[in-house]
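Any read-out appearing in this document is the output of simple, stated calculations on the displayed coordinates, not a laboratory observation. On a predicted model such as this, the values are computed, not experimentally measured, just so you know. So basically every Cβ, Gly included, is an ideal-geometry build from the backbone, and we count neighbours across all protein chains shown.
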Amino acid sequence: MGCINLSLANPGILIFLIYLPPILFALDASFRKKFFKVHKSKTGSLVDVLIGLIYFLIIIYAATLTLSKTFLTFTAGTIIYLIGLTITFMGYHTFFTSEKIIQKFPYNFSRNPTYFFGLVAILGITIATKSLVLLILLAAQFWLTHKVILQEEEFLTKRYKNQFKKYAKKVSRYF
C-alpha cells in the first residue's frame, strides 16, 4: 500500500493552493459577514453549497491523478497553471485589501479575476493530467461560478449604482 502524495507533484495539492486564500479569509468573522451580505438569497445559498461540493470533488479527484510525463502537455499545463495561480493570488490580495470597486490590476481587465484565473489554473492542471473527468468538473464549476457572478453583480449594482455600471461597461466580466 502506497503513501498519500503530499508533495507539489500532486494535482490535488496544486488545486488546493488556488483556494487557500479564501479559505483562510473565511476564518475571519468580518469577511464572513461581508460574504453573507452578498450571498444571502436561497438560490445563492444553494449555488454556494454546490460550488463548495464541486470544489471538494475537484480537489479529491485531482489528488488521485498524476501529472503527465509527456513534455508538451506537462509544460503547457504547468505554464497555464502558474499564470492562473499568480493572477488569482494578485486578485485575492487586491480584493481582500479594498473596500470599494477595484479598478487596478487585475481588476482593470477582468471583473472577476479570482474566479476566472482560478478556473484557468485548474484548466492547466486538467491539461497537465490529461483528465477528461476533471474537464467536466471544471465545466460544471464554470457554470456555477457564472451564477455567483451574476448574483454578486446584482449586489454591486444596488450598492454602487452608476459607479459599478460605468466600471462594468469598461471591464470584461471574464477576460
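Please give the calculated 222 nm ellipticity per residue for the chain, where each DSSP H segment of at least 4 residues contributes -39500 (n - 2.57) and the sum is spread over every residue; nearest 500 deg cm²/dmol? Can you show the working numbers first?
Values: 7 runs with 129 residues, N = 175.
So the calculated ellipticity at 222 nm is -25000 deg cm²/dmol.
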Discussion item. Suppose a student asked you for the relative contact order of the chain, using Cα pairs under 8 Å spaced at least 6 residues apart; what percent would you report?
Written reply: 29 percent
Practice prompt. Please give the helix 71-96 orientation as an angle from the longest Cα principal axis of the chain, in degrees from 0 to 90, rounded to the nearest 10.
Written response: 30 degrees
Item to complete: Can you figure out the FRET efficiency of Arg159 with Leu53, using R₀ = 22 Å and their beta-carbon distance, to the nearest 0.05?
Response: 0.20
Practice prompt. Quote the FRET efficiency, to the nearest 0.05, computed for Leu82 versus Asp28 with a Förster distance R0 of 25 Å and r equal to the Cβ-Cβ distance.
Written response: 0.35
Worksheet item: How large is ³J(HN,Hα), in whole Hz, for each residue of the range 51-61 in order, when computed from phi with the Karplus curve 6.51 cos²θ - 1.76 cosθ + 1.60 and θ = phi - 60°, using x for Gly and Pro?
Response: 4, x, 5, 5, 4, 4, 4, 4, 5, 5, 5
Response to the item:
Shape descriptors of the chain over alpha-carbon atoms, Rg and Dmax in angstrom, are 16.8, 60
Discussion item. Quick check: the distance between the Cα centres of the range 92-124 and the range 144-175, to the nearest angstrom?
Written reply: 13 Å
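I need the calculated FRET efficiency for the pair Phe142 and Ala168, taking r as the beta carbon distance and R₀ as 30 Å, to the nearest 0.05. Mind showing how you got there, number by number?
On the way: r = 20 Å, r/R0 = 0.66.
That gives a FRET efficiency of 0.95.
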